[in-house]
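The values are calculated or read from the model by the stated rules, or taken from the named source; none is laboratory data. Since this is a predicted model, take the numbers as computed values, not measurements. Cβ atoms come from the backbone with ideal geometry, glycine included; neighbour counts cover every protein chain shown.
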Amino acid sequence: MIQSRSPLAKIGKGLQILLLLAYAVFALFPLLWMFIMSIKPDSQMLTTTFIFTPTLENYATVLHSDYMQFFFNNLIVSVAAVLVSLVVGVPAAYALARFQFKGKEDIAFTILSFRFAPEILVILPLYLIYQRLGLYDTYFGLIWVYQLITLPLLIWILRGFFEDISPDIEAAAQLDGYTWWQVFLRVLLPLVKPGLVAAGLLCFIFAWNSFTFPLLLSNNVQTSTVIALRYLASDTVHYGQVAAAAAISALPEVILALLIQKHLVRGLSFGAVKG
Amino acid sequence: MKIRFTWPSSFAVVSAVSLALPLADSARAQQSAFDWKQASGTKLVVMLNKHPYADAIIKRLQEFKDLTGIDVETSETPEENYFDKLTAALASKNGTPDVFMTGTYQLWDYATAGYMEPLDAYLNDPSQTNADYDYKDIYEGVRNGGRWDLVPGHATGTGQQWALPLGFETNIIAYNKKYFDEKGLKPPKTFDELYKLAKQLKGWNGPGSYGVAVRGTRNWATIHPGYMTTFTNAGAKDFEIKDGKLVSDLGSAKSVEVTKEFAQLVKDAGPPAWSSYTWYQCGADFGAGKAAMLFDADILGYFQNVPGGSAEAGNIAYSPPPVMKEGDPVGANEWIWQVAINKSSKNKKAAWLFVQYFTGKEHGTWAAINASVVDPPRKSIWDNPNFQAVMSKMPGYLDTFNTIIANTSVKFTPQPYFSESTTEWAATLQKIVLSGADPKAAMTDLAKRITAKTSKLKLDQPAKTARQ
Amino acid sequence: MFLGEGAGAFNHRSWNAPMSTTVSSPQTQLSALPPGGSASKESIAHARRRRFRPYLVLAPALILTIGIFIPFIAAICLSFTDYSLNSSDVSFIGFDNYLSMLQSSDFWHSLWITIEYAFLCTAVEMLLGVGVALLLNDENIVARFLRIVLIFPLMIAPVIGTLIWKLITNPSVGILVGPMRMIGLGDFKWAASPDSAMFSLVVVDAWVYTPFVIILVLAGLRSLPKSPYEAALIDGGSPWFVFKNLTLPMLAPVLLITLVFRLMLSLQEFSIIFALTEGGPGDATMSLSLQAYNRAFPFYGLAEAIPMMLFLWALVYFVSFILIGFWRRAQQRAAGVA
């Protein structure tokens, strides 16, 4: 951010990049190894060198099984869960940031506290209730229960971003003749965009990787996250198939991240934050 | 159980007279007339654990549907999470699943809790059980694994049949024959030989390689293969009934001694990351040529030897588990994957046809030869030349099996705290191996903690767990 | 539950103040209320609507999530019984489950492990995450490329991520064993030794969840206003001075919310510990959530496990409550910085 041309600053910059690369090795090497595993045959799986005969067999096995059905289940459930959270959560975050009303902090904290209950604590009663209500093994049932994971995260992250915006901006824009909706869409949303994108992405990732809820609350509507473990243990361990399944399973997250990457920066340079 | 159907009175007499199977002539005469279509139009929900045994069922669902007119919906859950899911489903007592896969040890909890339908009435009813079923064809030690009288402390093999076997595994030594032959080594016969050989083989195939792969995670599954087999071959016992109470015997001199020796084996010749090893890491290390021997389920060594299954496939052979003294009878603990009927199922007639079909001779034989269902639970399959032809590619497998099958049974004492006591047992073993805990003190403490639980069980009546 | 009245008062002006009656009311649309009635009643109706408006906006979020109270309360009720998954009998036993928990040394051991785990993971991830986010908040080519790539570890389910780590660090067949041997650490046993099991867990947890911190902090950095920095640049402040007096205070609310989420999730962490050590070796990593799981499912004693999980819940509640208090103060202070 602060530009400087002195040699000391250049060394500093170089050091920065080195540190970044060091972390990148830590973060990315296991993923690289996972990818390598996914293209290794079983018989060479546990060699400790990079020399092997690449194969697409693991992907073929996974793609030709019913895995993709569970993959699409996961896609439906996770996308829907995030959409519901956005529709419900963005206004709620806004309300918590802007309005003054009795019990506000209590309500906000209550929403956060929905994330506190350990999944194991509630899972069995939840299971019995779901069966009674006919929600067991349904898309709707999972989308609903995922709100416990996604909504508190979305609301609390966005609330902070909304509070950072001065109410004066809204007022000014409105006095210019914009309707509130126009203000919301054209002024507020661009300003909170980094937060919205980050929170939305995290919500999707957490919904997608959720394990305990889909494991126990669904059967045919099972998600790929649970099913990927199938390849671990059958006749023998198929690490390659697990890795291929995990790689396929990560695709929607990676694509989503790449798509929204450029929105991780604020859309308007109003200079308007906390004016 | 409320029996909603009726059968000819002559058969009712047969089944009422004895618990034995209706192999009487009258039943035989009926065999061609057995009505597989008696529950046609029903739909069954079946919960399966991801396993070759389950895959074999799924492959032949169409045949079953064609034969019986019963529709089947299956789900396969990864093994790590299977029992959690199954327990939740059974505890909800709402009729699903109709049929489920279970293991012997879990059966003790499920049958005690009243989740399982007793099967004797079905087995003894010729209108419901095809005369071809041939119950006695199943090895005694294996069919008894599904039989229990619900009294904690009473061995398996008495009381009702709760589940019937799809396949099972014994615990033996698998070894790298290629290397053993090169070096002129012989597979060990006694535990002492195993220890010495395994210790000597450290680094046999480059850095990180070691003598013998055994499991070590903090889980009940660590206890039941090699360790429990050694434990019972040494004459040690897990429980005793003293003064009408079920008391842990793990603190006894014999238990401590064998535990100490096994811990020494792990320390000096086991996998370097032993405490994070469950069956698949053991199998994978052995298949990758990192472990010279594998002391675990026979089928684990089998799958590593299937062409393309591992780097060492084709180099593997099998031999019986070690005994303490040469000449001791050699046996093994076993693990059985079984199928059972949910007590709350509303389709029991169809469920029984499912259990009968998939534990029957015809499917069993097909599955053993074509779908890697080893070890098959029926003697007739082991005698089948086609199966023997398949197994002949596995040097020593058949001989080993025939040597130990007579003494192979469930070596644990049935009781509803099985999972807890064996998990704690595994934790204690870890402490002895890794934290230098004194074997005697650690095992005595373990026994005390287990007894605190099990001594509350009432032994004179079918168990109702007295949890405090 | 009550957070104190004063804390709710922000120095923001109320949204309602500048609103003119001619502009179509945002809140009306937001809460999907029909347009106001006749002009004479409008102000009263409007005022009432305005008072209920926030509740109406929040209602859907609450309705969607409040259902969790039913299983939650059901679980509390169960905790006073001896309900178990391997017995058909249930009887009321009062506080026995709670008393036996408090008397069990295993429980206190697990509580300590849980706190140690959460503290170590959260500390490492916050420091690492903030550091990396600062490094990424730059326009050099490395940073631009890595900005999105570095969050990939979060996209692998933690169970599978742990499995990969287990393979990499395996002393017999792991890829890392060669380099480790070269630097003289060939005997390092990672999760398979009681001495290094916790360390290994923290490494894996940090690998999985540091990207969570990076994303949020980076989003926070990216939405900081530019003008204060321009002013600081003119004043010639050192980078550290700028960070300490400008970035940190403005970033504090985001940092605290990130901290809340990391702390509350690491206190409850199950997948990673289960997949890596199952609580072992011995009892070296037996956290509360693991012990509760063991008790509830593999050991079938669901009712005995509930007090442990309620204790965990209360712990998370308490910690979050305090941190949210800090967050509100930071939020006010941040508003004053720029």
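Restricting to region C:177-207, give me the number of residues that are within 28 Å of the chain's Cα centre (by Cα), of a type outside the set (A, V, I, L, M) and under 18 Å from B:Trp274 (Cα atoms).
So the count comes out to 6.
Which one of B:Asp84, B:Asp125, B:Asp109 is surrounded by 18 or more Cβ atoms within 10 Å (Cβ to Cβ), touching a Pro at 6+ places or on another chain (Cβ under 6 Å) and modelled with pLDDT under 95?
The match here is B:Asp109.
So, of the residues in region B:151-194 that are of a type in the set (A, V, I, L, M) and in contact with a helix residue (DSSP H, G or I) (Cβ under 8 Å, 6 or more places away or on another chain), which turns out to be nearest to B:Pro416 (Cα to Cα)?
Per the stated criteria, the residue is B:Ala163.
Quick check on my filter: what residues within region C:88-135 are out of contact with any strand residue (DSSP E or B) (no Cβ under 8 Å at 6 or more places or on another chain), within 14 Å of chain A (Cβ to nearest Cβ) and more than 29 Å from C:Leu259 (Cβ to Cβ)?
If the condition is that a residue be out of contact with any strand residue (DSSP E or B) (no Cβ under 8 Å at 6 or more places or on another chain), within 14 Å of chain A (Cβ to nearest Cβ) and more than 29 Å from C:Leu259 (Cβ to Cβ), then C:Asn97 is the only one that fits.
Would you call C:Met250 more than 10 Å from every other protein chain (Cβ to nearest Cβ) and either in contact with a helix residue (DSSP H, G or I) (Cβ under 9 Å, 6 or more places away or on another chain) or modelled with pLDDT under 90 (or both)?
No.
From (1) surrounded by 21 or more Cβ atoms within 10 Å (Cβ to Cβ); (2) closer than 20 Å to B:Lys440 by Cα; (3) away from chain C (no Cβ under 12 Å), pick out the condition that doesn't hold for B:Gly216.
Single failed check for B:Gly216: (3).
From B:Asp296, B:Asp328, B:Asp285, grab the single residue that is facing another protein chain (nearest Cβ under 8 Å) and either crowded, with 23+ Cβ neighbours inside 10 Å or part of a loop (DSSP other than H, G, I, E, B) (or both).
The unique qualifying residue is B:Asp285.
Does B:Lys349 fit the bill of being closer than 30 Å to C:Ser88 by Cα, surrounded by fewer than 22 Cβ atoms within 10 Å (Cβ to Cβ) and out of contact with any Gly (no Cβ under 8 Å at 6 or more places or on another chain)?
When the stated conditions are applied, B:Lys349 passes them.
Provide a single number: the residues in region B:110-160 that are touching an Asp or Glu at 6+ places or on another chain (Cβ under 6 Å) and in a strand (DSSP E or B).
Count: 1.
Of the residues that make up region C:158-172, is at least one on the phi > 0 side of the Ramachandran plot, out of contact with any strand residue (DSSP E or B) (no Cβ under 9 Å at 6 or more places or on another chain) and not β-branched (Val, Ile, Thr)?
Looking through region C:158-172, none of the residues is on the phi > 0 side of the Ramachandran plot, out of contact with any strand residue (DSSP E or B) (no Cβ under 9 Å at 6 or more places or on another chain) and not β-branched (Val, Ile, Thr).
Are any residues in region C:137-146 more than 7 Å from chain A (Cβ to nearest Cβ) and either touching a His at 6+ places or on another chain (Cβ under 8 Å) or not acidic (Asp, Glu) (or both), and if so, which ones?
Listed by number, the residues that qualify are C:Asn137, C:Ile141, C:Arg144, C:Phe145.
So, in region B:60-74, exactly how many residues are farther than 11 Å from B:Phe358 by Cβ and among the basic types (Lys, Arg)?
1
How about region C:180-203: which of its residues are part of a helix (DSSP H, G or I) and touching a residue at least 12 places away in the same chain (Cβ under 8 Å)?
Listed by number, the residues that qualify are C:Trp190, C:Ala191, C:Ala192, C:Ala197, C:Met198, C:Ser200, C:Leu201, C:Val202, C:Val203.
Taking only pairs six or more apart or across chains, which ones have beta-carbon atoms under 6 Å, a first residue in region A:168-189 that is more than 7 Å from chain C (Cβ to nearest Cβ), and a second residue that is among the polar types (S, T, N, Q)?
As it stands, the answer is A:Val183/A:Gln174, since those pairs meet every condition given.
From the list A:Leu86, A:Leu128, A:Leu135, A:Leu121, which one is under 30 Å from A:Phe71 (Cβ atoms) and buried (at least 24 other Cβ atoms within 10 Å of the Cβ)?
Among A:Leu86, A:Leu128, A:Leu135, A:Leu121, only A:Leu121 is under 30 Å from A:Phe71 (Cβ atoms) and buried (at least 24 other Cβ atoms within 10 Å of the Cβ).
How about region A:47-70: which of its residues are touching a residue at least 40 places away in the same chain (Cβ under 8 Å) and surrounded by 16 or more Cβ atoms within 10 Å (Cβ to Cβ)?
Selection gives A:Glu57, A:Asn58, A:Tyr59, A:Thr61, A:Val62, A:Tyr67, A:Phe70.
Among the listed residues B:Pro416, B:Pro395, which satisfies the condition of being surrounded by fewer than 21 Cβ atoms within 10 Å (Cβ to Cβ), not in a helix (DSSP H, G or I) and not aliphatic (A, V, I, L, M)?
It is B:Pro395.
In region C:222-251, which residues are surrounded by 21 or more Cβ atoms within 10 Å (Cβ to Cβ) and in contact (Cβ under 8 Å) with a residue 12 or more places away in the chain?
C:Leu224, C:Thr247, C:Met250, C:Leu251
So for region C:273-281 (the condition being within 9 Å of chain B (Cβ to nearest Cβ), in contact (Cβ under 8 Å) with a residue 24 or more places away in the chain, surrounded by fewer than 24 Cβ atoms within 10 Å (Cβ to Cβ) and in a loop (DSSP other than H, G, I, E, B)), does at least one residue qualify?
no
Considering region A:208-259 alone, what residues qualify as being in a loop (DSSP other than H, G, I, E, B), within 16 Å of the chain's Cα centre (by Cα) and in contact (Cβ under 8 Å) with a residue 40 or more places away in the chain?
A:Ser210, A:Thr223 - these are the residues of region A:208-259 that are in a loop (DSSP other than H, G, I, E, B), within 16 Å of the chain's Cα centre (by Cα) and in contact (Cβ under 8 Å) with a residue 40 or more places away in the chain.
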